[in-house]
Amino acid sequence: MAILTARVPEKLRRRMKRHRHVNWSEVVRQAIQDRAELEDKKHGRNTAAIREACQGIDMIFQKLHGKYGHLDYNSAEMIRYWRDRRYGISSPTRQ
């Protein structure tokens, strides 16, 4: 586990000392965890859903690889192809 140092005002530190029964490390750890989850949701990151989608993609790839063998496919080229069709060639130097 990583170590994190935080500064708190002396007045707050004295108040915390009055409540020795509280595991302040756990309180801070939980607050950081809750905030990280809130930020992830706010920015549209759902790591569980992303992980599940990646597993699904891997499963599809394994099925295709088992059925057809090695696939010489470049997804970046396919994305570029469809973007160029939709919006036109994006750069005069593209071939």
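No lab work stands behind these numbers, since they all come straight from the coordinates. In this text the structure is predicted, and so the values were computed from the model without any measurement. Because the Cβ atoms are built from the backbone with ideal geometry, glycine has one as well, and the counts that use them run over all protein chains shown.
Data for the structure
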quantity: Matching residues, the stretch 25-76, being outside any helix (DSSP H, G or I) and over 14 Å from the mean Cα position of the chain (by Cα); calculated: G69, H70, L71, D72, Y73, N74
quantity: Pair list, Cβ under 7 Å, 6 or more apart: the stretch 46-57 residue under 25 Å from D34 (Cβ atoms), other residue assigned to a helix (DSSP H, G or I); calculated: T47/D40
quantity: Unmet requirement for V22, which otherwise passes all of (1) in a helix (DSSP H, G or I); (2) surrounded by 10 or more Cβ atoms within 10 Å (Cβ to Cβ); calculated: (1)
